[in-house]
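> Below you will find the structure I want to go over with you.
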Amino acid sequence: MPLTMKKLAEIFTNRETGLTQGHRMCPGCGAPMTVKIVLMVAKALGYEPVIGFATGCMEVSSTIFPYTSWSVPYIHNAFENVAATISGVEIAYRALKKAGKIPSDKKYAFIAFGGDGGTYDIGLQSLSGALERGHKMLYVLYDNEGYMNTGNQRSGSTPPGADTTTAPVGKLLPGKIQLKKNIVEIVAGHENVYAATVTTGEPMDFINKVEKALQFDGPAFIAALSPCVRYWRMDESKSVDITKLAVQTKYWPLYEVERGVYRVTRKPTSFKPIAEFVKAQGRFRLLLQRPDAEQIINELQQYVDRRWERLLALEEATKDKPIR
Amino acid sequence: MTGKKILAITGAEAAAYAMKQIEPDVVAAYPITPQTPIVEYFAKYVADGEVRTEMIPVESEHSAMSAVVGAAAAGARAMTATSAQGLALMLEIVYIASSLRLPIVMGVVNRALSAPINIHCDHSDAMMARDSGWIQLFCEDVQEVYDLTILAVRLAEHEDVRLPVMVNQDGFILSHGVEPVEVLPDEVVKKFVGELKPIYPLLDTDHPVTYGPLDLYDYYFEHKRQQIEAMKNAYRVFPLIAEEFYKISGRKYNYVEPYRMEDAEYVMVALGSSNGTIKDVVDELREKGKKVGLLKIWMFRPFPKAEIQRYLTARKAIVVLDRAVSFGAEAPLYEAVKSALYEVAARPLVGSFVYGLGGRDLKPEHVRYAFERAMALDLVADKEEYLGLRE
């Protein structure tokens, strides 16, 4: 029987998830929620999680020496190399198992977590290398669409029009010009991978995909839209709701690509305009004051519409046609 | 030592052969000239099933060091090799490896750093990493590459040390030069290096640990102090391991090798393969009755200051040869030697000679010239001079 929220709640009433209370992330932050769901699913399925973390908010907030919020093995190496680090851990596991130096009955889950900076940008090479080498690992991206650890700078994931300190909305420029980099397509472009999008606002979809990712025979990648309440400028009680809105506005379509086969996992019967998603967040406040705001929002609307149509077409085209 | 096995191999093959006998759990590496043959030889051992090592052919040196850090933290014996730009690319993680106290052994095939791009030997890459918290050993010949690679494993993994070690060999000169090398039987090497006893391995999920936490001003300083102490321990532990290695090989290593130093009044100090050339010139000058000697440095980090002081005090003149520079300051080895000599009772004259950048040959006449300057007491401590340079 597939895992449910209720089941997870029961299992973890008297059991640690692996990430304990007392970490110093902001209230309402999407990252610890994302991490907890992943850890709970892994543990509930009998895996022993071993965690690698890229430099970022979550890393600095959960391991301030002499404290640690992690009750599972955890390694932070540097900003851009969590995929390579976890691939080293995973390869060590293979070697030590082969040599009979570790118990063979343990079922490990090697999980790398990185923010959008460490994944879309500086860590992309390390991620691509690890995917190409085919390590049995799960890479989880928590995507808050900017460099939050250093304070609201643009990333390759920042959407156009969002106000950031390195691509600010100014008198001349309307904030970031470029669209988000499509990280799932990049990951899915590697052979024999599982790639999926999730959000905390759709937990059942999230849980199912983690389960699938952990059981996938090869590298798996999960991209979680993970709001930063400080940067997105919204009430901390709204961070789960906004991810639901992201799905309802086609901003963050929920889908998966398994060995080249696309599947859209949530197909809302009706959609809301992207403007609702934009207007719900303070990071677009300056954009909305500009005379060209409507034009930029329209362009974004056209983009998400086209991408949605394309996803459906890919789903149709790749049905029963796995790459391997 | 009956039934000695002697192979005619290059420095690169010697490093790979030692790695094969050590049979680490994990090797992650990226090819870079002139280190490439090490990776190639080792990949062939893996492909032929001669080692049970898991090898990851990573996409960059940065990832090589990152993966080796992950593997070592997991509890595996992990090794890699690199050179010049590769070491530069991995440098960020080189510091992390030593700060996490991971006993990694890495062969460094010394090569000039860009720009301009140059694939030949000098020590600018090693000197770039000299303060990274790694133990640094330098080899004169291919035999030493083989021996010190094996010895390095024990040094790195010693419980009082737990620091990574770089085994430096001169690019092309050693890495691609064939020399006779006496190798030990596999089982002797296996027994010597023994099993790695992992400390706080990540794979021990019953005792979870957090590696690489955020460490602010309230603890970072103390952690650095622990690293400083570990380096000091390396200095203490090295001769003990060298003694054990002597018992299995008959070859004796130490922090430094004194060559014809008994009554030497004029002494040269150098790192790496040029020591071979210097020895020849020392022999030649000795035949002419000149009181010259050589102090070869095997261990550059931790710096064997006490030996430097002990061997160099009261000599008439010291010539320090550097195959690297420090822009705007004194050459690295010279600076260290001169600094050590500040404390000795009878300070000799000292002179700094930089040679061989980008692979330029050090010829016997260069060494002879430097000795002649020393014997004429024509050395100025504050003057950096160059051997074999067109001015």
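The values are calculated or read from the model by the stated rules, or taken from the named source; none is laboratory data. Being a predicted model, the structure only gives us computed values, none of them experimental. Glycine also receives a Cβ, built like all others from the backbone with ideal geometry; neighbour counts cover every protein chain displayed. Ligands, DNA and RNA are stripped out before the accessible areas are found, and what is left, the full protein with its side chains, is counted by its heavy atoms. Shrake-Rupley method; radii C 1.70, N 1.55, O 1.52, S 1.80 Å.
> Around A:PRO227, with a cut-off of 14 angstrom between Cβ atoms, what is the net charge of the other residues, counting Lys and Arg +1 and Asp and Glu -1?
So the surrounding residues net to -2.
> What number does chain B give for Rg over Rh if you use C-alpha atoms and the Kirkwood radius?
Here Rg/Rh amounts to 0.97.
> Between B:LYS383 and B:GLU159, how high is the FRET efficiency from 1/(1 + (r/R0)^6) when r is the Cβ-Cβ distance and R₀ = 51 Å? Nearest 0.05.
0.65
> What list of ³J(HN,Hα) values in whole Hz, one per residue of the range A:211-222 in order, does the Karplus curve 6.51 cos²θ - 1.76 cosθ + 1.60 (θ = phi - 60°) give from phi, with Gly and Pro shown as x?
Each residue's phi maps through the Karplus curve to give 4, 5, 5, 5, 8, 5, 8, x, x, 10, 9, 10 Hz.
> On to the next question. On a 0 to 90 degree scale, rounded to 10, what angle separates helix B:84-99 from the longest Cα axis of chain B?
Long axis of B:84-99 versus the principal axis of chain B: about 70 degrees.
> Moving to a separate point now. Highest GNM mean-square fluctuation, chain B, Cα pairs closer than 10 Å: which of B:ALA331, B:ALA270, B:ALA47?
Looking only at B:ALA331, B:ALA270, B:ALA47, the biggest GNM fluctuation is shown by B:ALA47.
> Past 26 Å, Cα to Cα: identify those pairs from A:LYS98/A:LYS319; A:LYS97/B:LYS44; A:LYS36/A:LYS244, in the order given.
A:LYS98/A:LYS319
> At what distance in nm do the modelled label points of B:PHE221 and A:GLU132 sit from each other, each positioned 7 Å from its Cα along Cα→Cβ?
In this crude label model, B:PHE221 to A:GLU132 measures out at 4.5 nm.
> Another question, then. For chain B, which whole-number percentage of the solvent-accessible area (1.4 Å probe, protein heavy atoms only) is attributable to carbon and sulfur atoms?
Reported share for carbon and sulfur atoms: 53 percent.
> Give the calculated FRET efficiency between B:ARG52 and A:ARG306 to the nearest 0.05, with a Förster radius of 45 Å applied to their Cβ-Cβ distance.
The pair B:ARG52/A:ARG306 has a calculated efficiency of 0.30.
> Positive end of the dipole of the protein assembly as shown, charges at C-beta (+1 Lys, Arg; -1 Asp, Glu), about the Cα centre: which of A:THR166, B:ALA112, A:ALA213 has its Cα farthest in that direction?
Towards the positive end, the residue furthest out is A:ALA213.
> For chain A, what is one quarter of the convex hull surface built on the Cα atoms, given in nm²?
That works out to 17.0 nm², a quarter of the Cα hull's surface.
> Where the only charges are on Cβ atoms (+1 Lys, Arg; -1 Asp, Glu), what is the dipole of the range A:150-257 about its Cα centre, to the nearest 20 debye?
Rounded to the nearest 20 debye, it is 580 debye.
> In the range B:192-248, which chymotrypsin sites (Phe, Trp or Tyr not before Pro) fall in coil by DSSP and have 15 or fewer other Cβ atoms within 10 Å?
B:TYR217, B:TYR219
> Ok, one more. Please check: in the Gaussian network model of chain A (C-alpha springs, under 10 Å), which one of A:TYR67, A:TYR255, A:TYR120 has the largest mean-square fluctuation.
Maximum among the listed residues: A:TYR67.
> If you don't mind, another one. Can you give me the angle between helix B:220-249 and the longest principal axis of chain B, using Cα atoms only, in degrees from 0 to 90, rounded to the nearest 10?
On a 0 to 90 degree scale, this one is about 80.
> Please report the relative contact order for the range A:2-140, taking Cα pairs under 8 Å with a sequence separation of at least 6, and give it as a percent rounded to a whole number.
26 percent
> Rounded to the nearest 5, what is the percent of antiparallel bridges among the DSSP beta bridges in the range A:18-153?
Of the beta bridges lying entirely in the range A:18-153, close to 10 percent run antiparallel.
> Compute the acute angle (0 to 90°) between the alpha-carbon long axis of helix A:239-248 and the principal axis of greatest extent of the alpha-carbon atoms of chain A; round to the nearest 10°.
Around 70 degrees separate the two axes.
> Here's another thing I want to ask about it. Could you tally the net charge around B:ILE32, taking each other residue with its Cβ under 11 Å from the Cβ of B:ILE32, Lys/Arg +1 and Asp/Glu -1?
Here the count lands on -1.
> Lysines within cross-link reach of B:LYS232: Cα-Cα under 26 Å, excluding same-chain residues under 8 positions apart?
The qualifying lysines are B:LYS197, B:LYS224, B:LYS247, B:LYS252, B:LYS296, B:LYS305, B:LYS338.
> Express as a percent, rounded to the nearest 5, the fraction of DSSP beta bridges in the protein assembly as shown (both residues included) that run antiparallel.
Taking every DSSP beta bridge with both residues in the protein assembly as shown, the antiparallel ones total about 25 percent.
> In nanometres, what is the gap between the two model label sites at A:LYS279 and B:ALA345, each 7 Å from Cα along Cα-to-Cβ?
That separation, rounded to one decimal, is 9.0 nm.
> Same structure, new question: Please list, in chain and number order, the residues 5+ apart from B:ASN168 or on another chain whose amide H is under 5 Å from its amide H, with Hs placed from the backbone.
Under 5 Å from the amide H of B:ASN168: B:VAL108, B:LEU137, B:PHE138, B:CYS139.
> Just the number, please: percent antiparallel of the DSSP beta bridges in chain B, rounded to the nearest 5.
20 percent
> Could you work out [θ]222 nm for the protein assembly as shown from helices alone, using -39500 (n - 2.57) per DSSP H run of at least four and dividing by all its residues? Round to the nearest 500 deg cm²/dmol.
-12000 deg cm²/dmol
> Local charge sum around B:ARG347 (other residues, Cβ-Cβ under 11 Å, Lys/Arg +1, Asp/Glu -1)?
Overall, the nearby charge balance is +2.
> Set the Förster distance to 60 Å, then compute FRET efficiency between B:ARG251 and A:SER270 from the Cβ-Cβ distance, nearest 0.05.
The value I calculate is 0.15.
> With contacts defined as alpha carbon pairs under 8 Å and 6 or more residues apart, what's the relative contact order of chain B in percent?
16 percent
> From the square roots a ≥ b ≥ c of the eigenvalues of the alpha-carbon gyration tensor of the range B:1-129, which class results: rounded (a/c under 1.5), prolate (a/b over b/c), or oblate?
It is oblate, given that a/c is not under 1.5 and a/b is not larger than b/c.
> How compact is the protein assembly as shown by the rule of thumb for globular proteins, expressed as Cα Rg over 2.2 N^0.38 Å?
Taking the Cα Rg and dividing by 2.2 N^0.38 Å, one obtains 1.09.
> Shape of the range B:227-275 from its Cα gyration tensor (a ≥ b ≥ c, root eigenvalues): rounded if a/c is under 1.5, otherwise prolate when a/b > b/c, or oblate?
Note, shape of the range B:227-275 comes out oblate.
> Find the relative contact order for the range B:222-315 and round it to a whole percent, using C-alpha pairs within less than 8 Å whose residues are 6+ positions apart.
32 percent
> Using unit Cβ charges (K, R positive; D, E negative) and no other charged atoms, how large, in debye to the nearest 20, is the dipole of the protein assembly as shown about its Cα centre?
1300 debye
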